[in-house]
Amino acid sequence: EPEVTQTPSHQVTQMGQEVILRCVPISNHLYFYWYRQILGQKVEFLVSFYNNEISEKSEIFDDQFSVERPDGSNFTLKIRSTKLEDSAMYFCASSEPGLRNNEQFFGPGTRLTVL
Amino acid sequence: RKEVEQDPGPFNVPEGATVAFNCTYSNSASQSFFWYRQDCRKEPKLLMSVYSSGNEDGRFTAQLNRASQYISLLIRDSKLSDSATYLCVVSGDSSYKLIFGSGTRLLVRP
């Protein structure tokens, strides 16, 4: 069964450093997403991406965040200057809208720890 | 009012029990509805989409009441492996973003 993959599974970084989280969405999906989940809290939407551009972003997704699809398979989330409060699980998801009710499938996540 | 509201639980039930979870959502224009399950420190996994006509998948039955903005999930014959957090999820009216509830924790005991 096709699945979303993410690397690394765990990233530890110093405050102020840049991090890039990587995702490989399901191959025939067209919409890509990033969500995050701070420990003990609910899953929150960050950004959606379609046709090589951002289609929607949340208030959390400020100028420190960016997304990119550098090639035909990878989808990345970059945080330019990490803050302590960026520590969270970051989940990538993908979907094929219009076909199945916008069902989104999630990757296993990257646990980001900012020290 | 929270966008998606759920009873956090935990619901502690014996194996074989039937358990029901409820959820309410605030945006009456929401278009898509789902139940996901999340195991501790893992990703949300799609359990089922929820349709106005109601739908069933094995031991799981989901119902949607648009007039009351209410979604339910019924689990029959609970298994130990059903222990998880169940997330009620709604998709926006003109948006594909998913809006998650905080989840309802289920513990199934032997």
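The values are calculated or read from the model by the stated rules, or taken from the named source; none is laboratory data. If you're wondering where the values come from, they're calculated on a predicted model, not measured in any experiment. For neighbour counting, all protein chains shown are included, and Cβ atoms are generated from backbone atoms with ideal geometry for every residue, glycine included. Surface accessibility is based on the protein's heavy atoms, side chains included, excluding ligands, DNA and RNA. Shrake-Rupley method; radii C 1.70, N 1.55, O 1.52, S 1.80 Å.
Of all residues in segment B:67-84 being closer than 15 Å to B:Val4 by Cα and either out of contact with any strand residue (DSSP E or B) (no Cβ under 7 Å at 6 or more places or on another chain) or within 14 Å of another protein chain (Cβ to nearest Cβ) (or both), which is surrounded by the most Cβ atoms within 10 Å (Cβ to Cβ)?
B:Ile71
Of everything in segment A:18-34, what is open to solvent by 60 Å² or more (accessible area, probe 1.4 Å), away from every other protein chain (no Cβ under 12 Å) and either assigned to a strand (DSSP E or B) or not hydroxyl-bearing (Ser, Thr, Tyr) (or both)? Give them in sequence order.
Within segment A:18-34, A:Glu18, A:Arg22, A:Asn28 meet the criteria.
From the list A:Phe65, A:Phe75, A:Phe106, A:Phe61, which residue is closer than 18 Å to B:Lys45 by Cβ and either of a type in the set (Asp, Glu) or at pLDDT 95 or above (or both)?
Within the list A:Phe65, A:Phe75, A:Phe106, A:Phe61, the selection yields A:Phe106.
Considering (1) surrounded by fewer than 22 Cβ atoms within 10 Å (Cβ to Cβ); (2) touching a residue at least 60 places away in the same chain (Cβ under 8 Å), say which one B:Asn55 fails and leave the rest.
Unmet condition: (2).
So which residues in segment B:31-52 are charged (D, E, K, R) and either surrounded by 13 or more Cβ atoms within 10 Å (Cβ to Cβ) or in contact (Cβ under 8 Å) with a residue 60 or more places away in the chain (or both), if there are any at all?
B:Arg37, B:Lys42, B:Glu43, B:Lys45
What pairs can you find where one residue is in segment B:16-30 and under 18 Å from B:Gln63 (Cβ atoms) and open to solvent by less than 20 Å² (accessible area, probe 1.4 Å), the other is among the acidic types (Asp, Glu) and part of a strand (DSSP E or B), and their Cβ atoms are less than 7 Å apart, with a gap of 6+ or different chains?
B:Cys23/B:Glu5
Please state which of the following conditions B:Arg1 fails to meet, knowing it meets all the rest: (1) within 13 Å of chain A (Cβ to nearest Cβ); (2) among the charged types (D, E, K, R); (3) assigned to a loop (DSSP other than H, G, I, E, B).
(1)
For segment B:85-110, what are the residues that are out of contact with any Asp or Glu (no Cβ under 9 Å at 6 or more places or on another chain) and either open to solvent by 10 Å² or more (accessible area, probe 1.4 Å) or more than 8 Å from chain A (Cβ to nearest Cβ) (or both)?
Passing the criteria: B:Tyr86, B:Val89, B:Asp93, B:Ser94, B:Arg105, B:Leu107.
Quick check, is A:Glu53 at pLDDT 95 or above, over 14 Å from A:Leu21 (Cβ atoms) and open to solvent by 70 Å² or more (accessible area, probe 1.4 Å)?
The answer is no for A:Glu53.
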